[in-house]
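Notes follow once the structure below has been shown.
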Amino acid sequence: MKDGGSPMNEHIFHRLYDDYHSDVFHFLIYMLKDRATAEDLSHEVYIRAIKAYERFENKSSEKTWLFAIAKNVAIDHFRKQKVRSQYAFDFFDWESEQLIGIDKSPEEISIGNEENVQLYRALDECSGDQKVVIILRFIQQLSIAETAKVLEWSDSKVKTTQHRAIKQLKLLMAQNESEAKLG
Amino acid sequence: MNDNKWGELEIEKALQNSPKIQDTRSKEDIFKRLQQEGIFDEEIVTALEPQTPAPIIIEKKKRNIYSKIGYLVALFALIIIVPLLLINNKANDSAGEAVNSSQEALDISDMRESEEIESFSTSEEENSMEGKAELSRATMEISNDFRTALYEDEVVDETIFTIGLSSDAAESVPVSLKIPQSFIEEAFEGVQPTYLQLYGVIAPLIKEDDLGFSDYHPFKGHFEEQGMRLIHYLPVNHPYDLGSASISNYMGALEDTFGNHYEEVLILNENGSPIEFSHLGILDEPVKISGIEMKANYFIVETGEERRYLSTNFRTRYATVEEAFSALAVESNDIYQSALIKDVAFSIENRDTVVAVSFELPFDVYEQDEVRVMEMIEAMVLTAASFGKQTQFINIVQSNWNGFEFDTVLPRVLGVNELDFESIEK
């Protein structure tokens, strides 16, 4: 082991933290809906980012590059969770799978009115690709182009997925309302 | 509430107004945690050639079990165990066992600087290492080889039998045996058995306890073959539904044992009705199983008796071989340890049927603990095999080592964690 740390790695950390930590944490907590897990995964994001930094080729912005890492870290988490809890033999296809966070949302999310909480629950019922697009586009407020970069998709795929996701959320919320009226 | 409450526009606005959630930890706390993980101890590799796949820098977590005591144990191992190994000439089946864990403490890697890809002079390197290599080769002649997997080039008139063994420490771990044709002919009176029939004869012979596993086989209940489908009829009060871990072990053992020979397993109650597992619900569809080509990567797992095996990490699948190799360094839990050697950087190239693993700096197998080297190499070979590919290593100083010819593509893998059939048969 070398004496002392790597100033370069420390510099990378400080800059990534200052510029993006808040956004990346925000993204993770809406993906996972669990503060402790989001904290662990944000740690993993830094590890991967620092290790891979020299491969960052400025083909995309640093922000979309970091979000892409955060997305992969979150998907890996869901993949492992599924393998362990349900014993999945097949590939974990995050785009078609549901990415369901824990049932109890962080307090900050639940503080909103009950209908908004239902909206976040409905988001869990969407497919993985729809959930990620919704979080990136509306909660993180990335542009179509930025979202496409993060997901390595075409702009048109982002638009189509976003459109379907909103339709799906509308349908799910309508169902919730119907059930509430019947109940 | 009117019907327009959740129109598309309202949904978009509600999402855009989502509460902003802040991380309550300080920057200093996060920095300290990363520092403790050693992330700032690694230099980043620079000056890569254009188009060169990025090297993977290995940074393994510190392992608590190998402490200062381990150093003393390692000294003991050098003084006592190594001579015994040389005398007994039995390194093959015990390479990953006691000596292995002890020698980890002696894993004094040379911590090369990863600054630039150097031009590599084979003759110069070989000359400088000649004395050491000769000594190691001489030792090898006595101590057999450290290979633990079964390769195509070593199988003659034998059938590969693989079985998933179970332990408290980990999920099912596959082990393989070469069953001589003469044994099969004698046992089945000249009729070639199906794999299920072979399982019925071999499984009871395996002393799982002696290998550091739980007494698990043969499976409870009975099986039926329908072409590539296996049906497992489970009795009432079977032991495979005691919790998520026991289900996981059961499914893993089924896959490891039968995955090379059958495509799926239908699990039923003894009376033929669909079975229900407490954590999975009713299983009315057969479970797909893969054999060695399960698109996973390999880690080291220790079972009881301090034995070490190569195994997938909770069967985590990857879409591509590149992803699987990248994740070889990631220790996502305390059970499966990365087999990669610290500070050995490499890149991979995914060719048609071969994964080419290029070490960034000339890699001298004799400068490391050889058991460690074998674990790393076989973890890579098995990971490639998991995607149906063979492996070629580039930039290894030696051209021959432990039965491997590094100048060419390594032979196809047929089985993982070989056990000596003769010792089982006794």
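The values are calculated or read from the model by the stated rules, or taken from the named source; none is laboratory data. Predicted, not measured: the structure shown is a model, and the values here were computed from it. Glycine gets a Cβ as well: all are built from the backbone with ideal geometry, and neighbour counts include every protein chain shown. We work out accessible area using only protein heavy atoms, side chains counted, and drop any ligands, DNA or RNA first. Shrake-Rupley method; radii C 1.70, N 1.55, O 1.52, S 1.80 Å.
Can you give the average number of partner chain beta-carbon atoms within 10 Å of each beta-carbon in peptide A:171-178, as a whole number?
Numbers: counts 1, 2, 6, 4, 0, 1, 5, 0.
That works out to 2 on average.
Rolling a 1.4 Å probe over the heavy atoms of the protein chains gives the stretch B:154-305 an accessible area of 43 Å² per residue. Near B:Gly252, within a Cβ-to-Cβ distance under 11 Å, what is the net charge of the other residues, with Lys and Arg +1 and Asp and Glu -1? With Lys, Arg at +1 and Asp, Glu at -1, the net is -2.
Longer than 26 Å from Cα to Cα, which of A:Lys51/A:Lys159; A:Lys149/B:Lys288; A:Lys157/B:Lys13; A:Lys63/B:Lys20 are they? Say none if no pair is. Present the calculation step by step, with values, prior to reporting the outcome.
Working: A:Lys51/A:Lys159 32 Å; A:Lys149/B:Lys288 35 Å; A:Lys157/B:Lys13 22 Å; A:Lys63/B:Lys20 18 Å.
Distance filter (> 26 Å) returns A:Lys51/A:Lys159; A:Lys149/B:Lys288.
Packing order of peptides B:283-292, B:320-329, highest average first: B:320-329, B:283-292 (average count of other Cβ atoms within 10 Å over each peptide's residues).
To the nearest 10, the accessible area of A:His77 is 50 Å² with a 1.4 Å probe. Accessible area buried by the pairing of A and B, both sides summed with a 1.4 Å probe, works out to roughly 5900 Å². Once C-alpha pairs closer than 8 Å and six or more residues apart are averaged by separation and normalised to the residue number of the stretch B:181-318, the relative contact order reads 19 percent.
With all protein chains in place and a 1.4 Å probe, the accessible surface of the stretch B:243-353 carries 44 percent carbon and sulfur. For the stretch B:257-343, the fraction of C-alpha pairs farther apart than 19 angstrom is 56 percent. Solvent exposure of the stretch B:319-426 amounts to 31 Å² per residue of accessible area, where only protein heavy atoms count and the probe is 1.4 Å. Applying a DSSP loop filter and a limit of 14 other Cβ atoms within 10 Å to the trypsin sites (Lys or Arg not before Pro) in the stretch B:197-259 leaves B:Lys207. Its convex hull of Cα atoms gives the stretch B:217-267 a direction-averaged projected area, equal to a quarter of the hull surface, of 3.4 nm².
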